[in-house]
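Visitor: Starting off with a structure, shown below.
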Amino acid sequence: MTTIGDNLQRLREHLWRACEQAGRPHDAVRLLAVSKTFGPDAVRDALAVGQRAFGENYVQEGVDKIAAVGAVPGIEWHCIGPLQSNKTRPVAEHFDWVQSIDRLRIAQRLHEQRPAHLAPLQVCLQVNVDGGANKSGVTPSELPALAAAVAALPRLRLRGLMAIPEPTPDFESARAVFAQVRALFDQLNANGLDLDTLSMGMSDDLDAAVAAGSTMVRVGRGVFGARRYPV
């Protein structure tokens with residue numbers, strides 16, 4: 001088994017234990033392997049051991065990687081980075097999911113630019129639940145109106161919420177922040193939406209996220225190792 005394969009096995013076991021400790025089914029949480037800065041070969045290594053969902057922060061890098069890896073049964077490509085208006089067309093044409101929508105204009109452009117022969121683009125709204133100054137995301141007060149508007153766009157399918165809270169010093173503090181996202185999610189469903197995805201939790205806080213109800217965690221370093229950025 002490759003190193004990536006070993007890492008994925010450890011992560012799956014970690015998630016199973018976290019779900020068990022939270023009193024949730026072992027398969028309650030999906031793993032999104034964040035492959036930014038890693039090449040197609042790393043993705044192929046992960047595919048070889050059953051990983052199918054991959055996250056990319058940078059649009060052009062993701063588009064190039066999608067083309068290089070090619071068609072693989074069940075593969076999903078998620079755009080998880082901040083998205084500007086001039087980048088929506090390649091995302092609409094090549095990705096399966098977008099998790100970082102925080103403005104209606106971005107959603108409208110994705111809807112308009114999604115090719116008719118493709119399934120609706122699966123989307124999450126990024127919410128800035130704790131007011132982090134350096135984080136993108138819609139505010140909790142603005143979330144209901146944005147969710148209703150996005151849910152009405154037929155070339156998009158609103159699946160849920162994504163959050164990247166500021167780092168917290170301990171498990172309970174992190175769980176409390178994630179619980180705020182879960183409460184917003186539950187409120188939207190109570191108001192008539194049919195959401196099923198809570199994308200929250202990364203390498204350092206996934207246990208707290210799982211305890212609070214996450215259905216998808218986003219892990220890069222724990223799968224692929226330390227990232228190498230150009231000098």
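The values are calculated or read from the model by the stated rules, or taken from the named source; none is laboratory data. Just so it is clear, the model here is predicted, and its values are computed rather than measured. Positions of Cβ are backbone-derived with ideal geometry, glycine not excepted, and every protein chain shown enters the neighbour counts.
Visitor: Those residues that are over 27 Å from Asp6 (Cβ atoms) and exposed (fewer than 15 other Cβ atoms within 10 Å of the Cβ), I need them from the stretch 42-70; list them, please.
Guide: Listed by number, the residues that qualify are Gln60, Ala67.
Visitor: Being surrounded by 15 or more Cβ atoms within 10 Å (Cβ to Cβ), in a loop (DSSP other than H, G, I, E, B) and among the aliphatic types (A, V, I, L, M) is true for just one of Leu118, Leu83. Which residue is that? Walk me through how you get there before you give the answer.
Guide: On the way: Leu118 fails: surrounded by 15 or more Cβ atoms within 10 Å (Cβ to Cβ).
Within the list Leu118, Leu83, the selection yields Leu83.
Visitor: While we're here: Just wondering, is there one or more residues in the stretch 43-57 that are assigned to a loop (DSSP other than H, G, I, E, B) and either under 14 Å from Phe224 (Cα atoms) or of a type in the set (Phe, Trp, Tyr) (or both)? Break it down into steps so the answer makes sense when it comes.
Guide: Filtering the stretch 43-57 for residues assigned to a loop (DSSP other than H, G, I, E, B) gives 49-52, 57.
When the remaining residues are screened for being either under 14 Å from Phe224 (Cα atoms) or of a type in the set (Phe, Trp, Tyr) (or both), the result is 49, 51.
The answer is yes; a qualifying residue exists.
Residue by residue, here is whether (1) modelled with pLDDT of 95 or more; (2) hydroxyl-bearing (Ser, Thr, Tyr) holds:
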site	(1), (2)
Gly137	no, no
Phe185	yes, no
Leu195	yes, no
Thr215	yes, yes
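Visitor: Of everything in the stretch 18-27 that's in contact (Cβ under 8 Å) with a residue 24 or more places away in the chain and small (Gly, Ala, Ser), which residue is nearest to Gly50 (Cα to Cα)?
Guide: Initially, the stretch 18-27 is screened for residues in contact (Cβ under 8 Å) with a residue 24 or more places away in the chain, giving 18-19, 21-22, 24.
This time we only want the ones that are small (Gly, Ala, Ser), so: 18, 22.
Numbers: Ala18: 20, Ala22: 25 Å.
Checked the stretch 18-27; the qualifying residue nearest to Gly50 (Cα to Cα) is Ala18.
Visitor: Now for a separate question. Thr168: closer than 30 Å to Asp45 by Cα and of a type in the set (S, T, N, Q), yes or no? Explain how you work it out, then say what you get.
Guide: Values: closer than 30 Å to Asp45 by Cα: no; of a type in the set (S, T, N, Q): yes.
Judged against the criteria, Thr168 is not a match.
Visitor: Okay, moving on. Can you tell me which residue within the stretch 18-28, out of those that are in a loop (DSSP other than H, G, I, E, B) and of a type in the set (D, E, K, R), is modelled with the highest pLDDT?
Guide: The initial filter retains those residues of the stretch 18-28 that are in a loop (DSSP other than H, G, I, E, B), namely 22-28.
Next cut, of a type in the set (D, E, K, R) only: 24, 27.
Numbers: Arg24: 97, Asp27: 94.
Selected residue: Arg24.
Residue-wise test of (1) closer than 19 Å to Lys135 by Cβ; (2) acidic (Asp, Glu); (3) surrounded by fewer than 22 Cβ atoms within 10 Å (Cβ to Cβ).
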{"residue": "Gln180", "(1), (2), (3)": "yes, no, yes"}
{"residue": "Asn191", "(1), (2), (3)": "no, no, yes"}
{"residue": "Val219", "(1), (2), (3)": "yes, no, no"}
{"residue": "Phe224", "(1), (2), (3)": "no, no, no"}
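Visitor: Inside the stretch 29-41, can you point out the residues that are in contact with a Leu (Cβ under 6 Å, 6 or more places away or on another chain) and either surrounded by fewer than 19 Cβ atoms within 10 Å (Cβ to Cβ) or at pLDDT below 95 (or both)?
Guide: Those that are in contact with a Leu (Cβ under 6 Å, 6 or more places away or on another chain) and either surrounded by fewer than 19 Cβ atoms within 10 Å (Cβ to Cβ) or at pLDDT below 95 (or both): none in the stretch 29-41.
Visitor: Now, a different point. What residue, of Leu125, Leu118, is within 12 Å of the chain's Cα centre (by Cα) and over 24 Å from Thr37 (Cβ atoms)?
Guide: On the way: Leu118 fails: within 12 Å of the chain's Cα centre (by Cα).
From the options Leu125, Leu118, the qualifying one is Leu125.
Visitor: Suppose we filter Leu31, Leu15 for residues that are in contact (Cβ under 8 Å) with a residue 60 or more places away in the chain, assigned to a helix (DSSP H, G or I) and not charged (D, E, K, R); which single one remains? Before you say what the answer is, go through the steps one by one.
Guide: Values: Leu31 fails: assigned to a helix (DSSP H, G or I).
Sole residue among the options that is in contact (Cβ under 8 Å) with a residue 60 or more places away in the chain, assigned to a helix (DSSP H, G or I) and not charged (D, E, K, R): Leu15.
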